[in-house]
1. Yes or no: Val30 in contact with a helix residue (DSSP H, G or I) (Cβ under 8 Å, 6 or more places away or on another chain), at pLDDT below 95, farther than 19 Å from Tyr140 by Cα and surrounded by fewer than 21 Cβ atoms within 10 Å (Cβ to Cβ)?
2. For residues in the stretch 231-287 being within 14 Å of Asn180 (Cβ to Cβ) and among the aromatic types (Phe, Trp, Tyr), which is modelled with the highest pLDDT?
3. For the stretch 211-266, enumerate the residues that are over 17 Å from the mean Cα position of the chain (by Cα) and of a type in the set (D, E, K, R).
4. Given the conditions (1) open to solvent by less than 50 Å² (accessible area, probe 1.4 Å); (2) more than 22 Å from Ala141 (Cβ to Cβ), report the number of the one that Lys170 does not fulfil.
5. State whether one or more residues within the stretch 322-333 are in a helix (DSSP H, G or I), at pLDDT below 50, open to solvent by 70 Å² or more (accessible area, probe 1.4 Å) and farther than 30 Å from Leu183 by Cβ.
6. Among the candidates Ser214, Ser266, Ser226, which residue alone is open to solvent by less than 10 Å² (accessible area, probe 1.4 Å), touching a residue at least 12 places away in the same chain (Cβ under 8 Å), within 29 Å of Pro40 (Cα to Cα) and out of contact with any Ser or Thr (no Cβ under 7 Å at 6 or more places or on another chain)?
7. Six or more apart or on different chains, Cβ atoms under 7 Å: show the pairs whose first residue is in the stretch 33-59 and on the phi > 0 side of the Ramachandran plot and in contact (Cβ under 8 Å) with a residue 12 or more places away in the chain and whose second is open to solvent by 20 Å² or more (accessible area, probe 1.4 Å) and not in a loop (DSSP other than H, G, I, E, B).
8. Cβ-Cβ under 8 Å, sequence separation 6+ or interchain: first residue in the stretch 131-146 and in contact (Cβ under 8 Å) with a residue 12 or more places away in the chain, partner among the aromatic types (Phe, Trp, Tyr) and in a helix (DSSP H, G or I). Which pairs?
Amino acid sequence: MRELIGIVKDKISLSKLALLSKPQTLSLHVAVLRTTSHSPSTPPNDHHLATLLSLGDSSRATASIIIHSIMNRLHRTNDSYVALKCLLTIHHIIKRGPFILKDQLSVFSSAGGRNNLKLSGFRDGASATTWVLSAWVRWYARYLETLLSTSKSLGFVVCSSSYSVLEREKQQDSISSYMNSDLIRDFCSLVSLIEEICKVPDNLLVERDKLLHSVMELLANDYLSSVNEILLRLSEFRERLGLLSFNESVELASGLDRLTACKDKSLQLFSIRKPSVETLWEMIEELNNKFGFVKLQKLRRDSGSESARFGDRVLVTRDPMKFSSGRLRLNYGS
């Protein structure tokens with residue numbers, strides 16, 4: 001029954017678009033509607049999604065209309081399936097959309113958009129299933145917001161499929177020139193992304209829900225991309241560990257602790273056993289051990305310096321100490 005009602009709603013929406021939309025923008029709104037239909041548990045059709053991304057690869061005005069149309073549909077719907085499809089479509093735009101479409105997505109809020117991806121109040125109480133899916137909608141919106149902010153901080157889209165091997169090699173070469181503060185900022189931003197991934201709601205529905213399964217597939221790719229970016233920065237920190245200031249060391253250690261706290265959840269979520277994932281946890285353990293060693297060295301140096309200063313203070317008392325009896329002379333340092 002719900003599926004039948006959804007089909008009727010989509011047909012009514014198409015009829016409204018035909019009557020109210022301008023002829024030059026009708027195809028754009030129709031593409032958004034078809035990609036985010038009411039059909040439950042079905043991810044966006046690949047053909048419809050490809051059409052939408054292709055339409056967005058034209059002018060800035062066209063890309064802007066598409067983004068506004070998706071956001072309006074997302075914020076106006078009370079249907080958890082439609083909301084999830086809107087968010088999944090946005091995720092695909094972030095991952096493999098044309099640059100101009102990604103750009104319009106990133107500037108949407110500053111261009112007068114309505115609170116962007118803030119969906120903390122979303123509730124679909126139509127059934128027990130849609131109530132559970134509402135939690136996914138709220139989390140997914142938060143996650144995409146974090147993904148966009150992390151990408152903005154790094155200067156490139158973390159999970160972008162257009163991030164070429166050549167660009168990655170350039171990134172690897174340039175990291176060695178980063179200031180410590182920039183490295184720590186990027187590292188902490190990536191840790192925040194991993195933390196948000198690990199806040200994904202209970203995934204008991206994933207196996208039998210194709211829509212959620214599609215979300216988790218994209219999420220797994222994002223996780224691996226984030227791990228690779230973190231590894232680049234931890235490798236650089238490994239070379240600089242003894243050169244970090246006290247505050248920088250504290251920030252890095254805090255980030256490592258936050259990342260370690262995500263280990264069990266991430267291993268539970270993703271059965272993938274990539275060498276990069278294993279290397280990440282090994283490197284974190286190595287850095288924590290080195291932190292302890294560097295701290296011990298600094299304590300020894302500080303202790304040595306304090307001893308030297310104390311020795312200097314003692315050495316200035318080399319003059320004989322005279323006692324009132326006049327019979328005893330002690331000369332320290334003899």
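The values are calculated or read from the model by the stated rules, or taken from the named source; none is laboratory data. The structure presented is a predicted model; accordingly, all values stated were derived computationally and were not measured. Note that we place each Cβ from the backbone using ideal geometry, even for glycine, and neighbour counts take in every protein chain shown. For accessibility, only protein heavy atoms count, side chains too; no ligands or nucleic acids. Shrake-Rupley method; radii C 1.70, N 1.55, O 1.52, S 1.80 Å.
1. yes
2. Phe237
3. Glu236, Arg238, Glu239, Arg240, Glu248, Glu251, Asp264
4. Among (1) open to solvent by less than 50 Å² (accessible area, probe 1.4 Å); (2) more than 22 Å from Ala141 (Cβ to Cβ), Lys170 violates only (1).
5. No.
6. Criteria check complete, one pass: Ser266.
7. Ser41/Lys210
8. Listed by first residue and then by second, the contacts come to Leu133/Tyr81.
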